[in-house]
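To start, the structure itself, in structure tokens.
The values are calculated or read from the model by the stated rules, or taken from the named source; none is laboratory data. In this text, all values refer to a predicted model and were calculated from it rather than measured experimentally. Note: ideal-geometry Cβ built from the backbone for every residue, glycine included; neighbour counts use all protein chains shown. Note: areas computed on protein heavy atoms with side chains; ligands, DNA, RNA excluded. Shrake-Rupley method; radii C 1.70, N 1.55, O 1.52, S 1.80 Å.
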Amino acid sequence: MKEKFSIVFYSIVLLIFLSLAGNISAQVRDSACCHITIGAGPVQSINQSPLHRYWDPEPGLHFWTEIPVYIGNFQAGLSYMQFEAIKKTRPDFTGILFYFQWEYELNLIDRLKLIPGVRFGLWDMDIEDDDSGINDELLKEREFSTGISAGLFYPLYKDIGAEITVNYFTILTKRRMEITNLSFSLTYSFDTPEWLREVLE
């Protein structure tokens, strides 16, 4: 029963996303001609969940780029993290989250901004177990994920800024995996290149 409910639920979510994608693409054509922002920095898992009883997350890296849309911003990025097994009887694994995010900027004080957002993505889990003799394909797992985020942004100098973000996401495995990350980004904004404007228009 739960499996049927999950299939229906995720199908509805997918249909909603596809319907929104058309609107987003139209908005991108109008607004992406302004500027692009890129960001990169360290990321660290900070919560305690059943996952963390068996694996210790190491500091990772994340990269993203975003463009303004009609309402808010649209961001695409990835986070790279390694998880070291607490007991050596278990293998280590690498987790890469590819995600898309919609966010909205709220002005606070001075030039400080609060940026809440919602995201969905694909979690790629690569298990490091070279001695088992298991087919490499069986040591990889890819699952959908959904989550929310909240960030604080402050401009530092001209087009350079800094952002601290907390994001929570759930990996939709049979037994849900919950991860909360704290990340820091240095950001850089620039005008969209002419060749890219022509493509988007």
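Any chance you could list the semi-axes, whole Å, largest first, of the equivalent ellipsoid that the Cα gyration tensor gives for the stretch 28-132, using √(5λ)?
Three semi-axes, in Å: 34, 16, 11.
A simple spin-label model places the labels of Phe144 and Glu84 3.5 nm from each other, with each point 7 Å out along Cα-to-Cβ. Looking at the stretch 138-167, the trypsin sites (Lys or Arg not before Pro) that sit in a DSSP loop and have at most 14 other Cβ atoms within 10 Å of their own Cβ are Lys158.
Remark: the stretch 77-90, residue by residue, has Karplus-estimated 3J(HN,Hα) of x, 9, 10, 10, 9, 10, 10, 9, 5, 5, 9, 5, 6, 10 Hz, where x stands for each Gly or Pro and the curve is 6.51 cos²θ - 1.76 cosθ + 1.60 at θ = phi - 60°. Accessible surface for the stretch 33-158, divided over its residues, is 59 Å² per residue with a 1.4 Å probe. If R0 is taken as 22 Å, the Cβ-Cβ distance between Phe184 and Arg53 corresponds to a FRET efficiency of 0.25. Applying 0.36 nm per residue to the separation of Ala40 and Asp92 and subtracting their alpha-carbon distance, the gain on full extension is 16.2 nm. Extension gain for the segment Thr173 to Val118, taken as residue separation times 0.36 nm less the Cα-Cα distance, is 17.9 nm to one decimal.
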